[in-house]
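Report on one structure; see the data block that follows.
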Amino acid sequence: MYAESDFVMLSALQHYMFCPRQCALIHLEQQWAENRYTAEGQVLHERVDSNKSDTAGDVRIVRTLPLCSHRLGLSGQADVVEFHYDGTVFPVEYKRGKPKKNRCDEVQLCAQSLCLEEMLTLQIDEGALFYGKRRRRTVVTFDEELRQLTEQVIYHVHSLLVAGMTPSANYESKCDQCSLINICLPKNCSKGRSVKRYMQRMLEGQL
């Protein structure tokens, strides 16, 4: 059981799966910068995060619901949670763009489900990801494989933040889409780059 002072944000799981260095820059060093992708995501969430609840048919829709898990040391909020009158609880996470190649969105949604399960003392079998580009839901089943992957990512995020060290930069093509690229400087700070060689090239007038 984690103390509240040791909770990590649900968003850190997606940041870690995209890049452990990005996760550390945001959640350890408190660095942030906007780009087109983060701005589009912010606009999408502003439309959803109204803090209002309403009813549609036999479904109670709760928006911007605070979440936490003492067992996993997590806190954050769910974009939308649908409470069906038959007892089914169905979380929905809104994302800009389209489904990603890795499972980072599924892991974030599953983590929300694990928080809800602890808070409500019930089991949640499914949720959904709503992608702004496709304008439709993708249903996610919280099977054992996804649950195990999610708990592994949670463990690694806690370990990263407890260690208190930002991983070294390692440039990849995905870095060009990261809003922190000018803070991270992956091309300048990647492993194998030598300060001595850099200074030598400066002295030789090559830079």
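If you check every pair at least six apart or on different chains, which have Cβ atoms under 9 Å apart with a residue in the range 130-158 that is more than 16 Å from Asp105 (Cβ to Cβ) and in contact (Cβ under 8 Å) with a residue 24 or more places away in the chain first and a residue that is surrounded by fewer than 18 Cβ atoms within 10 Å (Cβ to Cβ) and of a type in the set (Asp, Glu) second?
His158/Asp6
Pairs only if they're at least six apart or on different chains, beta carbon under 9 angstrom, first in the range 1-14 and in the same structural domain as Arg103 (by TED's automatic domain parsing), second among the hydroxyl-bearing types (Ser, Thr, Tyr) and part of a helix (DSSP H, G or I); list them, first residue then second.
Short answer, once both residue conditions are applied: Leu13/Thr150.
How many residues are within 16 Å of the chain's Cα centre (by Cα), in a loop (DSSP other than H, G, I, E, B) and either on the phi > 0 side of the Ramachandran plot or acidic (Asp, Glu) (or both) if we restrict to the range 56-106?
So the count comes out to 2.
Name every residue in the range 19-46 that is part of a helix (DSSP H, G or I), more than 20 Å from Gln77 (Cα to Cα) and at pLDDT 70 or above, in order of residue number. Please lay out each step first, then the result.
If we filter the range 19-46 for residues that are part of a helix (DSSP H, G or I), which is where we start, we get 20-27, 36-46.
This time we only want the ones that are more than 20 Å from Gln77 (Cα to Cα), so: 20-22, 24-25, 36-37.
The answer is Pro20, Arg21, Gln22, Ala24, Leu25.
Which members of the range 100-139 meet the condition of being in contact with a strand residue (DSSP E or B) (Cβ under 6 Å, 6 or more places away or on another chain) and more than 18 Å from Ser69 (Cβ to Cβ)?
The answer is Asp105, Glu126, Ala128, Leu129, Phe130, Tyr131, Arg137, Thr138, Val139.
The values are calculated or read from the model by the stated rules, or taken from the named source; none is laboratory data. The model shown is predicted, which means the values in this text are computed figures rather than measured ones. Using ideal geometry, Cβ is built from the backbone for each residue, glycine included, and neighbour counts are taken over all protein chains shown.
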